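Beneath this line is the structure, given in structure tokens, with notes to follow.
Where a number appears in this text, it was derived from the coordinates with a stated rule and is not lab data. As the structure is a computational prediction, the values presented were derived from the model and not from experiment. With ideal geometry, Cβ positions are generated from the backbone for all residues, glycine too; neighbour counts draw on all protein chains shown.
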2 protein chains.
Amino acid sequence: MKYSPLLSELISALTCLPGVGNKSAQRMAFSLLERNRDGALKLSAVLHNAMEHIRHCERCRTFTEEPVCEICRHPQRNESGLLCIVESPQDVLAIEQTSSYQGMYFVLMGHLSPIDGVGPADIGLDELEARLKKEPVEEVILATNPTVEGEATAHYISQLCDSMNISATRIAHGVPVGGELEYIDGNTLTHAFSGRRKL
Amino acid sequence: MKYSPLLSELISALTCLPGVGNKSAQRMAFSLLERNRDGALKLSAVLHNAMEHIRHCERCRTFTEEPVCEICRHPQRNESGLLCIVESPQDVLAIEQTSSYQGMYFVLMGHLSPIDGVGPADIGLDELEARLKKEPVEEVILATNPTVEGEATAHYISQLCDSMNISATRIAHGVPVGGELEYIDGNTLTHAFSGRRKL
């Protein structure tokens, strides 16, 4: 015996969520049925709406339901001449929350990874090249993750910028503020020393 | 700056799932948008369908989209004269997976808990009483959880059965099979000793 067909279908559909296995899906299904049917109906509607309407911004490739996202429409940001390259929309949010950067973004939606078959075209580097040719970008700030793939991607884009005579910079790597030296890994410490600055 | 309005709405709607906070909801939203839009659309449809159609079985109160669930429609089970009382539909599944019980069920969908305002009517004990009067039940098996509330609920129902001259039994409590004595709590060990049987 299993649950009724519709209930089984609901449980199996919930496992499409990342990190949700069969047991969590059961718990979610029962919790929604018992305590939050309105919330579940709302989720169903928003989920449908979002999947139908959220596309990539035509300029920076982040997720948005409009053709061009809010940041790309911002006039002062357009005049800044700064273009920050990040891997994901979450990175844009993290940077925006610091309020310290007032330029434009370009979201790769991934990183170069030949082993997984992800090449330059898959992360929109042809679009980036076209944009660099068209727009007056003075500096490209490479804010990809400090992983092997992120570094490789940053290196690839910096070569692209070189060939177009645009200055490319990489965000600083070093000891996180509030961190303690003894717990920092050797690689980060090496970066911190090689990137030291005069006080 | 936040995400686009629709994306923010999706993230907030996902937090209606139990155990999903803002950060997990973000991860889910991006994962669905990037990698599994079809799965999300399916989930949206199934969620709507399930919330609209899944109700309680008229006889045993478990979740089902039909008026009476599959187990309650089973002729041999109806003739068994056994009625097992459990707290939740998940308990029915757990018992069914053992294949050792072939009677009927009654699902309380909770337990007596005066402190939370849950009284006998809220867990369907009036329906249970009507059913016991109407149907030829020989034995009521109390399989509520061995918690304070579960025990109180079992005690309450056993008194109800007494007043109707129906035999009420409680499932055995003791050392779980495969468990090691040294790790078993004292309460369980006391139960195991008082419930000992002749070999």
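Worth a mention:
- For residue A:174, distant residues with modelled amide H under 5 Å away: none
- Test item: Cα-centred dipole of the protein assembly as shown, Lys/Arg +1 and Asp/Glu -1 on Cβ, debye: 40 debye
- MRE, 222 nm, helices only [DSSP H, n ≥ 4, -39500 (n - 2.57), over the protein assembly as shown, to nearest 500]: -14000 deg cm²/dmol
- For chain A, the longest principal axis of the Cα atoms and the long axis of helix A:89-98 meet at an angle of about 60 degrees.
- Placing unit charges on the Cβ atoms only, positive for Lys and Arg and negative for Asp and Glu, gives the range B:86-131 a dipole magnitude near 140 debye about its Cα centre.
- Of the GluC sites (Glu not before Pro) in the range B:40-72, the ones in a loop by DSSP (not H, G, I, E or B) with at most 13 other beta carbons within 10 Å are B:58.
- Translational diffusion coefficient of the range B:63-170 (Stokes-Einstein, Kirkwood radius from Cα pairs, 4 °C, 1.567 mPa s): 91 µm²/s.
- Rounded to whole Hz, the Karplus (6.51, -1.76, 1.60) HN-Hα couplings of the range B:155-161, x for glycine and proline: 4, 4, 5, 5, 5, 4, 5
- Dividing the C-alpha radius of gyration of the protein assembly as shown by 2.2 N^0.38 Å, with N its residue count, gives 1.40.
- On Cα atoms only, tilt of A:37-53 relative to the major axis of chain A in degrees: 40 degrees
- Nearest-20 debye value, chain B charge dipole, Cβ charges on Lys, Arg, Asp, Glu: 480 debye
- With its label point defined 7 Å out from Cα along the Cα-to-Cβ axis, residue B:22 lies at 3.5 nm from the matching points of the other copies, in increasing order.
- Distances, shortest first, from the label point of residue A:175 to those at the same position in the other copies read 5.6 nm; the point lies 7 Å along Cα to C-beta.
- The distance between label points at residue B:2 and residue A:180 comes to 3.7 nm (points 7 Å beyond Cα on the Cα→Cβ vector).
- Scanning chain B for trypsin sites (Lys or Arg not before Pro) lying in DSSP loops with no more than 12 further Cβ atoms inside 10 Å, the longest uninterrupted stretch between such sites is B:3-195.
- All distinct Cα pairs of the range A:5-53 go into the 1/r average, and the inverse of that average, the Kirkwood radius, is 11.3 Å.
- For residue B:87, the residues 5 or more places off, or on other chains, whose built amide H falls under 5 Å of its own are B:108, B:145.
- Of all beta-carbon atoms in chain A, the one sitting closest to the axis that brings chain A onto chain B gives A:44, 2, with the distance in whole angstrom.
- Qualifying GluC sites (Glu not before Pro) in the range A:118-147, DSSP loop, other Cβ atoms within 10 Å at most 16: A:138
- For residue A:164, label point 7 Å along C-beta direction: distances to other copies, nm: 7.9
- Restricting attention to the protein assembly as shown, close to 20% of DSSP beta bridges with both partner residues there are antiparallel.
- Surface/4 estimate of mean projected area, convex hull on alpha-carbon atoms of chain B, nm²: 17.2 nm²
- Contact order, relative form, for chain B: 12 percent (alpha carbon pairs under 8 Å, 6 or more residues apart, mean separation divided by residue count).
- Beta bridges assigned by DSSP with both partners in the range A:69-170 are antiparallel in approximately 10 percent of cases.
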